[in-house]
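Everything below concerns the one structure shown next.
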Amino acid sequence: MEALALIVVGVAGVLVGWLAARRRRGRQLGSAVAPHLLPDPALEWLRRAHRALGVWITELDPSEEGPRAERILEPERLSVAQIVAVDRRLERARDQEQSGVERMEGGTLVFRAQAGAAVGLLLPEQFEAARLSGVEDDLRRLLDGVQRRPHIVALTQAQSQEASLESVGSVGLRLAYQLERTLDAQVVVAAVENGRVRVIGVSGRGDRRLLDSVLPPESPLARVADGTVEPHVSSTDPIGGAVADRRSRTGPVLLLPLKKDLKAVGGVAIWLGPGREPSGAVRAEMMEALYNAAPRIDRALEADRHKRAATVDPLTGLHNRRGFDEAFTLITGKGGTLVYADLDRFKNLNDTLGHPAGDAALVHFARIIREQIRGGDIAGRIGGEEFAVWLPETSLDLGARIAERIRVKLGTTPWDWRGRTWPLSASFGVAACPETSTSLENLPAQADSALYVAKRSGRNRVERAAGNSRTQHSPRP
């Protein structure tokens, strides 16, 4: 079964090439035409296409004892002696790297050999000589596929344990670079994530600014990735202006989906050169790479969803305590400011308006925090009404001003619960490295102590860690 599977994969490129030569006559892939590998059994399909008596493959395999051979034939039309004669002739061709056309008992053998492998078709005696060039072209592609199949099979044998450790980004980048090497083309890989299509891989020739960008829903790549439209060759920018000042590369772009079974996982954009649409064994290798990558991307996305569920507060969408602590321990910068914040008189709000109102107030505060911090900052809800913000490479003075900005915004933004207005305020504690401590490990305790001082000093204020000047504000009456 393994040998047959290898043959099917290796020869699939021949079949795609044969179909392109006879049915598509070199045209670009038309809109709504899905490129795919033809059905099994591939060798039997090739034999019937040329009305051959049999198709042979023989190759030397260093991993096995002796040569390996495969053949598909019509036994009722060939005697054992004729089959053995073809076997031996192809073995000599393989060992001596011979190619040619030779009359055999019962038909004409067309064969090619290179680098320890030989392929052949035994044609009937009434074969039309004018079709010989087509047979030779298909044998050349078949031999190319046989020689490429160890690499193709290696793609399909990715260890499940190793794959489970891959991130979405690592799978996307590997696929982009792999396709770039195979096709000599620029490649962008995107994944469907939480209802959006995000770029997860850009090859070396692509614009690295595209990484992690979310594609416009109507962009060609996004529509192929989410299954809205069929794979096709596009003449427009497949990214749809995801990066504002990106210079669009002209030329045809092959857009292909990434699917796990029938589930849309993502898609790839491949910029093609003139007349360079993949065919033959190259297309087989490309399709196998997509087939192999799709379930790995799906697993990585699922792992991200589980990780997000474990590290994100479902109410506010910020990091939870575990997520914030994990992010904080991964800090490698020289320093920054840690801010702790706590909603004032939150228990009174819960007792008066009810827990749903309390939840709404927490979501409101989280939204204000998210709006007031910068892109690289980290925010989390680390307790019931307690929040934390890490401001990397931020001085104590600037960190205190950001905390003050959040405090003022919260106090001046009206909030009500079912028509009843309720004033919200918060207290803040601020600590920074290196100003209040030369060690990042000391910042949580310092920020917590500063927050305690703010609460004891009347609430609705920003306090810096001990040893520094304090910024105080009168509590809301």
Assuming 0.36 nm per residue, please report the length gained on full extension of the stretch Arg131 to Asp212 beyond their Cα-Cα distance.
24.0 nm
How big is region 324-374 by the Kirkwood estimate over distinct Cα pairs, in Å?
13.3 Å
Surface share of carbon and sulfur [accessible, 1.4 angstrom probe, percent] for region 367-477:
48 percent
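Would you mind working out the accessible area per residue for region 309-414, using a 1.4 Å probe, and quoting it in Å²?
With the other protein chains kept in place, region 309-414 gives 45 Å² per residue.
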Simple spin-label estimate for Arg418 and Glu105 in nanometres, 7 Å along Cα-Cβ:
9.7 nm
Among 352-364, 286-298, 174-186, 71-83, what's the highest-first ranking by average C-beta atoms within 10 angstrom per residue?
286-298, 174-186, 352-364, 71-83
Take every Cα-Cα pair in region 267-404 and report what % of them are more than 18 Å apart.
68 percent
If I model a spin label at Asn348 and Ala445 as a point 7 Å from the Cα along the Cα→Cβ vector, what separation in nanometres do I get?
3.3 nm
Using a Förster distance of 51 angstrom, determine the FRET efficiency expected from the C-beta separation of Ala327 and Arg276, and round it to 0.05.
0.70
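The values are calculated or read from the model by the stated rules, or taken from the named source; none is laboratory data. All of these numbers come straight from a predicted model, not from anything done at the bench. Counting neighbours? That spans all protein chains shown, and the Cβs are built from the backbone with ideal geometry, glycine included. Ligands, DNA and RNA are excluded from the accessible area calculation, which covers all protein heavy atoms including side chains. Shrake-Rupley method; radii C 1.70, N 1.55, O 1.52, S 1.80 Å.
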